[in-house]
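These notes are about the structure you will find just below.
The values are calculated or read from the model by the stated rules, or taken from the named source; none is laboratory data. These numbers come from a predicted model, not from an experiment. When we count neighbours, we look across all protein chains shown, and the Cβ atoms used for this are built from the backbone with ideal geometry, even at glycine.
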Amino acid sequence: MEKYKLYATMGAGFESIVAKELQHLGYETKTEDGRVFFEGDQKDIVQTNLWLRAADRVKILLKEFKATTFEQLYDETYAYDWAMLLPVDAKFPVKGRSVRSKLHSEPDVQSIVKKAIVNKMTDQYHRRGFLPETGSEYPLDVHIYKDRVRLSLDTTGPSLFKRGYRVEHGGAPLKENFAAGLIELTPFDGSHPFIDPMTGSGTIPIEAALIAKNIAPGLNRKFAFDNFDWFNKELHPELVAQAKTKERKEHAPIMASDIDQSILEIAKVNAHNAGVLQDIRFKQVAVKDFSTDLENGVIIANPPYGKRLKDRQAAEKIYEEMGQTLRPLTSFSQYYLTSDPNFEKYFGEKATKKRKFFNGNLRTDYYQFWANQR
């Protein structure tokens, strides 16, 4: 089987997590900002799309070159053997991004690349005029950074965070791959208790249950590669069946609570869709009334951030309540994501460690309070 140069993309700050996931799957990796590179064949494309928890997409790097003029960009793109990749009726949208490069106009970059591919394919397929673009979709990507151009094919399609279980949205939930990445920054593996005391629509405990049960996060969805005409159609169902044999039954308790019963109902629907409803104990309780007799586990919460003044005062009161009820649980490692720079002050303790992330466009900090450091 042909080997490809592949890379996974992810949100800023999750590179080391995705690299670790890939290494755990048996790949040698090379990391740069927002990307982790590895090599593999079609089977590896299926495998990584199925199993990566914190990544956004898996792409095939088709060609890399330097271009400082549109002529160079056109010629280098034209020089690639596009008929090998794209059937004559392929639909091939081109997405472009340019950072700190001479060719900074993204619409122009996209249209030049598109034009070069169209012209090459009309020559290769001996066509006149337009290509039909009525067939399967092959999402192409042109990325220019400091005048280095990368042409890629996206094998994933809709981002990997779209696991297919979250039907109803309660408020503004964390993306699934973001939640999984937060969990993977903790020691949690399913052998110790897990608690989310402000669960909202349940994304964090659902992702924890998928990890605890070793369920592949991409099990219940389709990918862009499913429609590539040159892709081995037997691989996807084969690797799904294989993944199902690796699921675990036993794990420590996973608890999820929230003050709002209606949002807990949404969380339960999502957990049911993910196949983990029986694995999570849901309970309606305000964080100020929260208590547990569990020990030696992990607590993760994404409390309200309170961007407006009135909301901020309410959020800070919640941080104080969190401090009063959760801080005494010293056998737990505790992790809290919020954009409030004063979180530690209201929580009543300085974090062992902080990590910076962007939740959407919002800068947030992940406050980590380690059990064994107390």
In region 319-350, how many are farther than 20 Å from Arg363 by Cα and in a helix (DSSP H, G or I)?
7
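Being under 24 Å from Val88 (Cα atoms), assigned by TED's automatic domain parsing to the domain that holds Ala54, modelled with pLDDT of 95 or more and not in a loop (DSSP other than H, G, I, E, B) is the requirement here; does Val149 meet it? Show your work before the answer.
Working: under 24 Å from Val88 (Cα atoms): no; assigned by TED's automatic domain parsing to the domain that holds Ala54: yes; modelled with pLDDT of 95 or more: yes; not in a loop (DSSP other than H, G, I, E, B): yes.
So Val149 does not fit the description; no.
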Tell me, yes or no, whether region 360-374 has at least one residue that is more than 25 Å from the chain's Cα centre (by Cα), within 26 Å of Leu210 (Cβ to Cβ), part of a helix (DSSP H, G or I) and modelled with pLDDT under 95.
yes
Which of the numbered conditions does Thr134 fail, given that it passes all the others? Conditions: (1) surrounded by 15 or more Cβ atoms within 10 Å (Cβ to Cβ); (2) in a loop (DSSP other than H, G, I, E, B).
(1)
Search region 165-195 for residues being among the small types (Gly, Ala, Ser) and modelled with pLDDT under 95, and hand back the single one that is farthest from Asp365 (Cα to Cα).
Gly170
Scan region 331-341 residue by residue and report those that are surrounded by fewer than 15 Cβ atoms within 10 Å (Cβ to Cβ) and modelled with pLDDT of 95 or more.
Ser331
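Only one residue in Ile206, Ile144 is of a type outside the set (Gly, Ala, Ser) and either surrounded by fewer than 19 Cβ atoms within 10 Å (Cβ to Cβ) or closer than 19 Å to Ala274 by Cβ (or both), so which one is that? So that I can check it myself, show each step before the final result.
Numbers: Ile144 fails: either surrounded by fewer than 19 Cβ atoms within 10 Å (Cβ to Cβ) or closer than 19 Å to Ala274 by Cβ (or both).
Sole residue among the options that is of a type outside the set (Gly, Ala, Ser) and either surrounded by fewer than 19 Cβ atoms within 10 Å (Cβ to Cβ) or closer than 19 Å to Ala274 by Cβ (or both): Ile206.
Results for (1) within 11 Å of the chain's Cα centre (by Cα); (2) under 27 Å from Glu321 (Cβ atoms), shown as yes or no for each residue.
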residue: Leu151; (1), (2): no, no
residue: Asp154; (1), (2): no, no
residue: Ser159; (1), (2): yes, no
residue: Arg166; (1), (2): no, no
residue: Ala179; (1), (2): yes, yes
residue: Leu182; (1), (2): yes, yes
residue: Asp189; (1), (2): no, no
residue: Ile195; (1), (2): no, yes
residue: Met198; (1), (2): no, yes
What about Leu326, is it hydrophobic (A, V, I, L, M, F, W, C), assigned by TED's automatic domain parsing to the domain that holds Thr186 and within 23 Å of Ala209 (Cβ to Cβ)?
yes
What are the pairs with Cβ atoms under 8 angstrom where one residue, in region 182-194, is of a type in the set (Asp, Glu) and the other, located anywhere, is modelled with pLDDT of 95 or more? Sequence gap at least six, or different chains.
Glu184/Ile17; Glu184/Lys20; Glu184/Glu21; Glu184/Arg53; Glu184/Ala54; Glu184/Ile211; Asp189/Ile211; Asp189/Ala212
